[in-house]
Every structure is written in C-alpha cells, then in structure tokens.
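To start, the structure itself, in structure tokens.
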Amino acid sequence: FRRVLFRSAQKVDRCAVAIAHVDGWVSTRVGEKITDPSPKVVVDVLRYWTPDAKNNQIVDFEEVRNFLAQLPKMGFNIGLVTFDRWNSTDMIKYLNAVGIKADVLSVDNKQYITLASVIGEDRLVAPNDEILRTELLQLKVMDNGKIDHPRVGGKDCADAVAGAVHNA
C-alpha cells in the first residue's frame with residue numbers, strides 16, 4: 001500500500017503531495033548491536049503546485065483533487081491519504097466518498113524524527129528535487145521545540161515527505 005500526504009496551501013505556500021511505500025526491510029547497526037528490521041522507504045512521487053502571488057494565481061484545488069483521485073488509475077494502490085488541517089475537510093470527504101481512505105495528520109516533530117532516522121540510516125529513496133533538498137536543509141528546531149523553516153522559505157514539500165514516510 002502507498003501512503004500519501006497532502007500539504008495544502010493556496011495563495012502563498014506550496015501545495016505538496018508525496019507518495020511513499022515500504023520497499024522491504026533492513027537490519028541496521030547501532031555500534032556493535034544489530035537492531036530489529038527497519039523499513040526501507042521509497043518516495044514514489046513528490047508533486048507540488050506553487051501559487052504566483054505577483055500574477056494573482058492561486059493553487060487550483062480541483063486540479064489537486066483530480067490528481068489524487070486519479071492515483072489508483074495510475075497504478076498506485078493507495079492505503080491512506082492524509083492532510084494537514086488547513087482547508088482539508090471537503091477534500092477528505094470527497095476522497096472517502098470515492099473509496100480512497102483519507103484523514104487528518106498534522107506533521108510535527110514525531111514525523112520529522114521518523115524521517116531523520118530513515119535518512120540517517122540510509123533507508124530512504126526519494127526524488128532528487130532541489131526544492132525538497134533546500135527545505136530539508138533549512139529546517140531548524142525553534143525555541144518552543146517545534147521544527148520550522150526560516151522566515152524566508154518554506155517546508156511544504158518537506159512536510160509532505162515527512163508525513164508520507166511516517167505513514168508508510
């Protein structure tokens with residue numbers, strides 16, 4: 001089963017979709033100790049829509065909804081689609097109505113800890129995407145303990161990948 005995370009935005013931030021699945025299990029080594037098998041995760045798809053505020057162009061959520069609804073027809077066996085809370089109620093209702101299980105997942109430290117361990121243990125295969133790489137490299141732990149991005153930049157693709165990897 002593939003797990004999808006949808007990070008919604010419309011006017012300023014990107015709207016991002018990441019699709020991930022477990023592609024086998026590997027034993028990792030911590031010092032001299034071998035740990036239990038851990039999943040090797042593949043991010044099959046990272047797709048994002050970027051609004052253009054200068055030209056007053058927003059993300060077309062109907063286009064995004066159609067993309068998500070077409071995933072099973074493109075050969076993806078979708079087990080779960082999760083959304084952040086912003087503007088997701090209608091999308092969740094629609095996908096559940098067409099037979100795609102959908103729910104809310106607010107990406108936080110837990111999902112980023114999972115992503116960090118999968119990356120650190122070389123268990124991630126993901127698209128070589130410059131925006132994703134930049135977002136991941138610019139993340140920082142804030143004074144309140146939350147993981148966030150600097151004032152300039154974003155973390156929409158990073159959130160989508162972190163959520164999809166965690167869900168997988």
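The values are calculated or read from the model by the stated rules, or taken from the named source; none is laboratory data. Note that this is a predicted model, so its numbers are computed, not measured. All Cβ positions, glycine included, derive from the backbone under ideal geometry; neighbour counts span all protein chains shown. These area figures cover heavy atoms from the full protein model, side chains too; ligands, DNA and RNA do not enter into them. Shrake-Rupley method; radii C 1.70, N 1.55, O 1.52, S 1.80 Å.
See the values below:
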read-out: Most fluctuating residue given options V141, V104, V118, as computed from a GNM of the chain linking Cα atoms under 10 Å; value: V141
read-out: Contact order normalised by residue count of the chain, Cα under 8 Å, 6+ apart, percent; value: 31 percent
read-out: Gap separating the Cα centres of the stretch 143-160 and the stretch 31-91, nearest whole Å; value: 17 Å
read-out: Helix-only mean residue ellipticity at 222 nm for the chain, each DSSP H run of n ≥ 4 adding -39500 (n - 2.57), per residue, nearest 500; value: -9000 deg cm²/dmol
read-out: Per residue solvent-accessible surface (Å²) - the stretch 27-168, probe of 1.4 Å; value: 61 Å²
read-out: Within straight-line cross-link reach of K146, lysines at Cα separation under 19 Å, skipping those fewer than 8 residues along the same chain; value: K110, K155
read-out: Residues of type aspartates and glutamates that K40 reaches as a straight line, Cα spacing below 12 Å, ignoring anything fewer than 8 places off in the same chain; value: D23, E121, D122
read-out: Per-pair calculated FRET efficiency, R0 = 30 Å: T28 and V104 via Cβ, rounded to 0.05; value: 0.45
read-out: Among A69, A53, A126, residue whose mean-square fluctuation peaks in a GNM of the chain (springs only between Cα atoms under 10 Å); value: A53
read-out: Placed amide H near A102: partners under 5 Å, 5+ positions off or other chain; value: V81, N96
read-out: Shape of the stretch 73-158, Cα gyration tensor, a/c cut at 1.5; value: prolate
read-out: Volume per residue of the C-alpha convex hull in the stretch 1-143, rounded to whole Å³; value: 141 Å³
read-out: Beta bridges by DSSP in the chain, antiparallel share as percent, to the nearest 5; value: 70 percent
read-out: GNM result for the chain, Cα springs below 10 Å: residue of D90, D13, D60 fluctuating most strongly; value: D90
read-out: Of all accessible heavy-atom area on the stretch 13-168, the percent that carbon and sulfur account for (1.4 Å); value: 48 percent
read-out: Label-reachable residues, the stretch 26-62, where backbone N falls under 15 Å from a point 7 Å from D122's Cα toward its Cβ; value: 26-31, 40-41
read-out: Loop trypsin sites (Lys or Arg not before Pro), the stretch 73-168, which have at most 12 other Cβ atoms in a 10 Å radius of their Cβ (DSSP); value: R85, K146, R151
